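Structure first, commentary second.
Each reported figure results from applying straightforward, stated rules to the coordinates on display, with no laboratory input. In this text the structure is predicted, and so the values were computed from the model without any measurement.
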Amino acid sequence: MIRNEDDCLYATRVMHRRLVPPFYRFVYRVFYLFVDIDRLDALSARLRLFSLDRFNLLSLRTRDYGDGRGLRAWAEGVLRERGVELDGGRIRLLTFPRVLGFAFNPISLWYCEHRDGTLRAVIAEVNNTFGEKHSYVLASGGAPLPYEVPIEKEKVFHVSPFLDRVGQYRFTLGAPGARIRVAIRETQGGEAILDATLAGERLAVSDTAILSQVLRMPWMTIKVVAGIHWEALKLWLRGARFFRKPDPLRPNVS
């Protein structure tokens, strides 16, 4: 029986599909850690192969997220500025852990609940390969946020050199449970130009599960970075239009 409060791993497949010339589609296997940010110390104490702010086979570094002032303090501050109060509710983070100290997170998702258990916001924290980050706050002004209802956000952060920064995102998120599903569609002028999906199955987090996933996907995060550059090279060779990286917009939360 799965309890919603349990931290877990998700063994997933990520798909990217470009919907404008030059067309491409690729799929890769990864695993995510899904954790209550207030239980990270307890998780680190329970597991031999996972640590918080220390080197291990898997680890999380709090400095990798938000602005370095603490995970809950940052998330609650960002939400409060946008009229969302959690009243001490649970915040769970879906993210790539560091594997043997290395991490790159194209996107991490913060599922932010009110104390009454209803989802009130999701923070999509996006990193690019230039060392920059931007967070999109998906919320409805403090009201409960239903799962599976698409949420649109203006694109304001440069990710791929083969897509302009001008555009819109449509996020559709399923409730995390025995399975997880996230779909993001990028559009420009009403035309769909890119689909990205994440789908996978829940695994109880244990030392055995951690070791199994790492053995199946050793150096996973390095492979993600290598894969991004490999796909970019193929697009360039096929004549995709190149967009120079613009200066990042401020603030880095929208």
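Data table
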read-out: Of A199, A124, A103, the one that fluctuates the most in a GNM where the chain has Cα springs shorter than 10 Å; value: A199
read-out: Under 5 Å, built H, 5+ apart or other chain: amide partners of A121; value: C112
read-out: Cα gyration tensor shape of the chain, rounded if a/c is under 1.5, else prolate or oblate by comparing a/b with b/c; value: oblate
read-out: Residue-averaged 222 nm ellipticity for the chain, from DSSP H runs of 4+ at -39500 (n - 2.57), nearest 500; value: -5500 deg cm²/dmol
read-out: Segment 1-127: C-alpha gyration tensor shape, a/c 1.5 cut-off, then a/b vs b/c; value: oblate
read-out: Candidates D116, D36, D53: whichever shows maximal mean-square fluctuation once the chain is modelled as a Gaussian network with Cα springs under 10 Å; value: D116
read-out: For segment 99-110, Karplus couplings with θ = phi - 60° (6.51, -1.76, 1.60), whole Hz, Gly/Pro x; value: 10, 6, x, 10, 8, 9, 10, x, 8, 10, 10, 9
read-out: Potential extension, S140-R241 segment - 0.36 nm per residue separation minus Cα distance; value: 32.8 nm
read-out: The chain: most fluctuating residue of R29, R92, R63 per GNM, C-alpha cutoff 10 Å; value: R63
read-out: For segment 14-30, 3J(HN,Hα) per residue [Karplus equation, 6.51 cos²θ - 1.76 cosθ + 1.60, θ = phi - 60°, Hz, x = Gly/Pro]; value: 10, 10, 10, 9, 7, 9, 10, x, x, 6, 7, 8, 9, 10, 9, 8, 8
read-out: Extension gain from D116 to N252, taking 0.36 nm per residue of separation minus the Cα-Cα distance; value: 46.0 nm
